[in-house]
Amino acid sequence: SKLGTTSRWGLFASAGTNLDLKGIFKLASVEQFNFRAGYGGTGGLPFRGGLAKDRVKITRFNPNSISTEIDWLENPNLSWEKKQELNLGLDFQKGMLSVRLDWYNKTLSDWIILGRATDSFEDQFSNQGALNASGVDIDLNIALKNSQETHFSTGLTFSIYHSEFDTIVGSPRIET
């Protein structure tokens with residue numbers, strides 16, 4: 001009931017793989033050395049139901065007087081918000097040191113936004129807009145104590161990313 005009648009179901013595929021570089025290069029001196037890659041899509045639903053249907057606000061002034069006002073028009077084509085993401089990563093561990101490096105690039109598209117309906121003075125929820133984000137995350141961890149009784153480690157995470165609007169139509173109002 002959250003989406004239009006033409007988009008109630010969605011199929012979002014993904015795939016991932018892990019390559020054991022330690023085994024391929026016969027690196028006996030390291031505990032772990034892996035390359036990871038993944039690609040996938042997901043769909044997002046709006047925060048509440050009924051956005052694809054007409055919404056009429058009724059106000060009662062007194063027992064004999066009411067007013068109706070359209071909050072937004074129906075949109076039978078209201079569809080899933082979409083995210084496509086590509087991830088590449090390396091995992092390395094030698095002794096007490098472990099390093100994890102991740103690069104990602106994702107595109108978020110078809111946001112559900114309240115804006116002016118085409119050929120109308122009324123508002124309507126529709127799919128529009130796209131955002132591209134890419135970045136790198138680096139995790140460094142050191143196991144300071146690792147025994148059967150106690151495990152203590154500390155780490156640092158470094159992140160850098162860039163986000164950019166690819167498409168935005170008109171001047172939408174984002175409903176919260």
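Observations
- Rounded, prolate or oblate (a/c below 1.5 giving rounded, otherwise prolate when a/b exceeds b/c) for the stretch 1-46 by Cα gyration tensor: prolate
- Heavy-atom accessible area ranking, 1.4 Å probe, most first, across I58, I138: I58, I138
- Length released on extending from L88 to D102, taking residue separation times 0.36 nm less the Cα-Cα span: 4.5 nm
- Area of S65 that stays accessible when all protein chains are in place (1.4 Å probe, Å², to 10): 40 Å²
- All C-alpha to C-alpha distances of the chain, sorted into 10 Å bins beginning at zero, yield P(r) values of 8, 23, 22, 17, 14, 9, 4, 2, 0 percent in whole numbers.
- Within the stretch 88-103, backbone nitrogen closer than 12 Å to the virtual label 7 Å beyond the Cα of A37 toward Cβ: 88-89
- Net charge dipole size for the chain [Lys, Arg +1 and Asp, Glu -1 on Cβ; Debye, nearest 20]: 360 debye
- Accessible-area composition of the stretch 40-176, carbon plus sulfur, in percent [1.4 Å probe]: 54 percent
- Under a Gaussian network description of the chain, with springs only between Cα atoms under 10 Å, the residue in G129, G49, G40 that fluctuates furthest is G49.
- Taking all Cα pairs closer than 8 Å and separated by 6 or more residues, the relative contact order of the stretch 93-155 comes to 36 percent.
- For T17, the solvent-accessible surface computed with a 1.4 Å probe is close to 90 Å², ligands and nucleic acids excluded.
- Normalised convex hull volume, the stretch 93-155, alpha-carbon set, Å³ per residue: 127 Å³
- Here R36 sits with roughly 50 square angstrom of accessible surface, probe radius 1.4 Å.
- Largest GNM mean-square fluctuation among A28, A130, A13, using the chain with Cα springs under 10 Å: A28.
- The listed residues Y104, Y161, Y39 rank as Y161, Y39, Y104 when sorted by accessible area, largest first, using a 1.4 Å probe.
- Placing I70, I112 in order of accessible area, with the largest value first and a 1.4 Å probe, yields I70, I112.
- Å² of accessible area per residue within the stretch 1-110, as computed with a 1.4 Å probe and no ligands counted: 66 Å²
The values are calculated or read from the model by the stated rules, or taken from the named source; none is laboratory data. The model shown is predicted, which means the values in this text are computed figures rather than measured ones. Note that each Cβ is placed from the backbone with ideal geometry, even for glycine, and that neighbours are counted across all protein chains shown. When the accessible area is computed, the model is the full protein with side chains, heavy atoms only, and any ligands, DNA or RNA have been set aside. Shrake-Rupley method; radii C 1.70, N 1.55, O 1.52, S 1.80 Å.
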